[in-house]
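The values are calculated or read from the model by the stated rules, or taken from the named source; none is laboratory data. Please read all numbers here as calculations on a predicted model, not as lab measurements. With ideal geometry, Cβ positions are generated from the backbone for all residues, glycine too; neighbour counts draw on all protein chains shown.
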Amino acid sequence: MLIPSFDNTFEFTLDDIRERLQTDRDFARIASLQTAEASTVVADSARPLQNYTVILDGSLHAEANDAPGAFSSKDRQRLFVLPFTPGAVLGPGLFEGWDNYRLRAATRVTVCELVSNLNLISELCPEVLEAILDSQISFQQDLYTEQLESHDTIRTRLARLLLRLSDNGRDAIETTHSDLAQRLGTYRETVSNQLASLKAMGLIHSRYKEIEVLRADGLMALSENWDILEDLA
């Protein structure tokens, strides 16, 4: 999954930050420059970010996957990859609830690391606090939207797959949740949740290693347009 990077939250350049660190005593109390080489893991699930971080030069990638061995080469195509480019702000708690994630330098990256004390930032540099809060809200909103779109896509693809395997509802499907997940390129838990949703809608009936399509018209509508299902009750 790829979601938009968060650019231009801060309008400072690397030179601006260097100059401000030298001339603005208040800013120097809350900020410092840090550099990481490409491929360096700067934070992960075990070592989360402790301070707010503004990317000034280069880029960071947040990579996450709930599956065991998520960062092996064979599973790399299944990662969530979120690019963060100059102007983006990352902070403590930003990836709260993510399992098995890491924040990696995609290129040589220079960041401005800010203290995590929001009261101190607000007292000394209120415009910095405003930019931080705006960035966090933008991140959460865009991530939530992307997750919804991702689930809708899987649900739509699952509906189409069930129609194809059942010959448009004529035959029972002998399969497992793991097999369906493999066909869709997703996780068994995701398929199980989606099947439970379809069952609750009365579109399918499932039992051990078998799925029966009850409403092919509902799956057809779902595969084209989710809203049409409201008219099928």
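Write out, first by first residue and then by second, each pair whose Cβ atoms fall under 7 Å of each other, whose residues are 6+ apart or on separate chains, and whose first residue, in segment 170-199, is without any contact (Cβ under 8 Å) to a residue 60 or more places away in the chain and in the same structural domain as Arg157 (by TED's automatic domain parsing) while the second is surrounded by fewer than 13 Cβ atoms within 10 Å (Cβ to Cβ) and of a type outside the set (D, E, K, R).
Hits for this filter: Arg188/Ser178.
Among (1) modelled with pLDDT under 85; (2) in contact with a helix residue (DSSP H, G or I) (Cβ under 6 Å, 6 or more places away or on another chain); (3) in the same structural domain as Arg29 (by TED's automatic domain parsing); (4) not hydrophobic (A, V, I, L, M, F, W, C), which single condition is Ser122 missing?
Ser122 satisfies every listed condition except (1).
Could you check how many residues of segment 177-201 are within 17 Å of Met220 (Cα to Cα) and in a loop (DSSP other than H, G, I, E, B)? Working first, answer last.
Filtering segment 177-201 down to residues within 17 Å of Met220 (Cα to Cα) leaves 194-195, 197-201.
With in a loop (DSSP other than H, G, I, E, B) added as a condition, the list becomes 201.
Number of matching residues: 1.
Looking at segment 136-176 only, could you name the residues that are in contact with a Gly (Cβ under 8 Å, 6 or more places away or on another chain) and either in a loop (DSSP other than H, G, I, E, B) or modelled with pLDDT under 90 (or both)? Quick ask: steps written out before the conclusion?
Residues of segment 136-176 in contact with a Gly (Cβ under 8 Å, 6 or more places away or on another chain): 136, 163.
Matches in segment 136-176: Gln136 only.
List every residue pair whose Cβ atoms lie under 7 Å apart, where the two residues are 6 or more positions apart in sequence or sit on different chains, the first residue falls within segment 117-138 and is surrounded by fewer than 15 Cβ atoms within 10 Å (Cβ to Cβ), and the second residue, located anywhere, is among the polar types (S, T, N, Q).
Asp134/Thr9
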